[in-house]
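A short write-up of the structure that comes next.
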Amino acid sequence: MQAVIWGCRGSIPVATPATTIQHKIKTALSHARGRHFSDQAAIDRFVEDELPWPVANSFGGNSSCVQIVADSEEYLICDLGSGLREFGMAMLQQHGPGKPQTYNVLLSHLHWDHIMGFPFFPPAFIPGNRIRIHSCHPDPVEAFWRQQSAPCFPVDFDALSADIEFVPLVPGEPAEVAGATVHAILQYHEGDSFGYRIEQGGQSIIYSTDSEHKQENAREFQKFADFFAQADLVIFDAQYSLAEMVSLKEDWGHSSNLIGVELCHMAKAKHLLLYHHEPAYDDETLYKVLRETIRYEELARPEGADPLQVSSAYDGLQVVL
Ligand SMILES: [Zn+2]
Ligand SMILES: [Zn+2]
């Protein structure tokens, strides 16, 4: 399987201001001072291999949306944040309007940052496309109707031409979706959210966002470690630092990078992907969080355990298992 990140931010999409881009250019030029680049390939090498990651790259600013590539003709997407628009454009380019596709969605919950991309999803406007929105919430359709109704939006939900169906999921009852087996778990978050374990061909991906974990509640903590057990990839809500979580932002419904490491160690998972980034963090801050998390993983790793790979999600990242 593969996971493709179309939107990695939490809470609200963010754009990179001109001052940040200028800062990146100035930093890149100072790194290049005194250097001569004989051809384009030399420039490419310098940018890709020599410049610090946050100077040459960006985490991006779209809100939650991840494509899971499994062995199926049908598409599988976790959440419909603003990253969905980019995914939809890519689908339009790939298939055009004349070749109907089936899009399966696993919805974590109905907060705006997780559904706001849907009104801008071109395949929803094309007759013949099938969209199946799987959700553990009792009445997801109302949230979709409300976000696409006057005076907030000019096109009503019922004006969409695709065949859109809402499919209920129940935690504890595995379901077959786009050729994969999907398990759901209830998470601690305002209004409830649900995490998913997606399994196919002996591989497993966890999608767990908008979920607060309280370490003092050992039984609940162990329940998530069991849900994450031996996962090849854990896409994890790491919006806050642990210090923020336990002091300022307790009960805000989000988790931290360090809790992600703890749970993955307990679960003997292989790869932790930090996700649902705080919109106030710039590229340098998020990169620093990643470096610190990698260092913490080394220090906290149980004796004799295999290393846990730690990465941070950015828009456009593809993780191939
Ligand atoms: Zn969110
Ligand atoms: Zn939320």
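The values are calculated or read from the model by the stated rules, or taken from the named source; none is laboratory data. What you are looking at is a predicted structure, and each value in this text was computed from that prediction instead of being measured. Don't worry about glycine lacking a Cβ; one is built from the backbone with ideal geometry, like all the others, and counts go over all protein chains shown.
Numerical summary
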quantity	calculated
Residue ID - nearest to Val105 (Cα to Cα), chosen from residues in the stretch 135-163 that are among the small types (Gly, Ala, Ser) and not in a helix (DSSP H, G or I)	Ser135
Residues located in the stretch 103-133, provided they are away from ligand 2 (no atom under 16 Å from the Cβ) and among the small types (Gly, Ala, Ser)	Ala124, Gly128
Any hit, the stretch 136-152, residues being in contact with a Gly (Cβ under 9 Å, 6 or more places away or on another chain) and within 16 Å of ligand 2 (Cβ to nearest atom)	yes
Residue in the stretch 87-95 that is within 18 Å of Ile133 (Cβ to Cβ), small (Gly, Ala, Ser) and not in a strand (DSSP E or B) present	yes
Among (1) modelled with pLDDT of 95 or more; (2) outside any helix (DSSP H, G or I) - the single one Ile25 does not satisfy	(2)
Number of the exception - Ile198 against (1) exposed (fewer than 13 other Cβ atoms within 10 Å of the Cβ); (2) touching a residue at least 12 places away in the same chain (Cβ under 8 Å)	(1)
Selection within the stretch 226-243 - away from ligand 2 (no atom under 16 Å from the Cβ) and either surrounded by fewer than 23 Cβ atoms within 10 Å (Cβ to Cβ) or within 13 Å of the chain's Cα centre (by Cα) (or both)	Asp226, Phe227, Ala229, Gln230, Asp232, Leu233, Val234, Ser241, Leu242, Ala243
Options Ala90, Ala42: the member that is over 26 Å from the mean Cα position of the chain (by Cα) and aliphatic (A, V, I, L, M)	Ala42
Residue in the stretch 137-144 that is among the aromatic types (Phe, Trp, Tyr), within 16 Å of ligand 1 (Cβ to nearest atom) and surrounded by 13 or more Cβ atoms within 10 Å (Cβ to Cβ) present	no
Residue selected from the stretch 201-225 under the condition of a type in the set (A, V, I, L, M, F, W, C) and closer than 22 Å to Val182 by Cβ, by the criterion farthest from ligand 2 (Cβ to nearest atom)	Ala225
Count of the stretch 17-51 residues which are surrounded by 14 or more Cβ atoms within 10 Å (Cβ to Cβ) and either out of contact with any helix residue (DSSP H, G or I) (no Cβ under 8 Å at 6 or more places or on another chain) or not hydroxyl-bearing (Ser, Thr, Tyr) (or both)	8
